[in-house]
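The values are calculated or read from the model by the stated rules, or taken from the named source; none is laboratory data. Model, not experiment: these values are computed from the prediction. Every residue, glycine as well, gets a Cβ built from its backbone with ideal geometry; the counts of neighbours run over all protein chains shown.
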Amino acid sequence: MIPLLDTTKNKLNFGLYIVSTPIGNLNDVTLRALDVLRNSEYILCEDTRISKKLLEKYKIKSKLISNHKFNEKKNLKKAIEILSLGKIVSLISDAGTPSISDPGSILINECVKNNINIYPIPGPSAVSAAVSISGFSEKYFFYGFLPKKKKDLNSDLKNLSNIDCSIVFFVSPNKINDSIKYLKTFFSGRKILICREMTKFFEEYIRTDIDDLKAFENIPKGELTLVISETNNNVITLSDKDKKKIKKIIKTSTVKDIVDLISKEKKVSKKEIYNYCLSIKNEI
């Protein structure tokens with residue numbers, strides 16, 4: 001294992017450092033992260049205006065290079081040339097850990113190809129922060145941002161609903177209300193934690209049953225981190241046989257008639273039957 005610090009020269013090794021930065025409160029940055037940023041000749045960041053707030057607070061004067069999803073491929077050659085010269089370069093995102101639903105993976109893979117050292121500098125992460133206070137299963141699946149296409153959204157959520165662990169999503173504020181109907185369709189019977197503005201002055205945590213989830217009256221500020229609980233094995237759910245039956249009669253019967261029919265035959269909640277019918281109609 002290559003040590004990160006050359007104790008004889010008191011210098012960092014050359015290479016790319018993936019540095020986690022605060023997700024809100026600037027005091028959450030680690031001492032090691034500050035040390036690496038101070039010693040970096042260049043810092044690749046998403047938005048220089050946001051990153052400057054952190055660097056100015058801690059009097060870090062390293063040169064910033066804008067590196068976001070729209071120009072990271074264009075920057076690739078320049079970044080590799082700099083790293084190949086034996087420079088110390090850091091990669092940061094606007095908040096949290098780079099390459100986790102943020103730019104970074106393209107540069108990291110190129111560094112791997114060119115045998116350039118890559119070092120993680122762990123720290124704040126919206127994912128682990130949200131899971132840690134959820135009270136749900138410690139086993140979790142991180143999905144990231146929900147897809148834009150309706151077809152992909154239905155397909156992915158349907159597959160995820162079969163996973164018996166906590167599930168973490170990122171949702172932009174202008175899409176949260178549209179997303180709620182899909183969450184109710186595929187995760188009925190589960191609980192949810194919605195984290196907004198984590199570690200900031202107006203941080204908010206909403207805990208409720210997904211079936212009781214309501215749309216926001218006003219578009220919330222900042223990206224949201226959602227944690228959905230593991231499945232409740234005590235709840236009787238629709239069997240594959242039930243689902244096949246519903247699919248067979250969905251075109252010739254009303255949703256109300258199907259709900260009444262299945263709920264009489266099985267001890268399944270009417271809400272689950274209703275939501276499943278809607279999910280099929282969305283696919284038709």
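Give the residue, chosen from Ile258, Ile262, Ile246, that is assigned to a helix (DSSP H, G or I), touching a helix residue (DSSP H, G or I) at 6+ places or on another chain (Cβ under 9 Å) and modelled with pLDDT under 90.
Details: Ile258 fails: modelled with pLDDT under 90; Ile246 fails: modelled with pLDDT under 90.
The conditions single out Ile262.
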Can you tell me which residue is farthest from Ser279 (Cα to Cα) among those in the range 129-156 that are out of contact with any strand residue (DSSP E or B) (no Cβ under 9 Å at 6 or more places or on another chain) and in a helix (DSSP H, G or I)?
Ser132
Can you tell me which residues in the range 31-67 are under 19 Å from Ile118 (Cβ atoms) and either assigned to a helix (DSSP H, G or I) or not assigned by TED's automatic domain parsing to the domain that holds Gly15 (or both)?
Arg32, Ala33, Asp35, Val36, Leu37, Asn39
Go through (1) at pLDDT 95 or above; (2) more than 17 Å from the chain's Cα centre (by Cα); (3) part of a helix (DSSP H, G or I) for Ile116 and report which single condition fails.
(3)
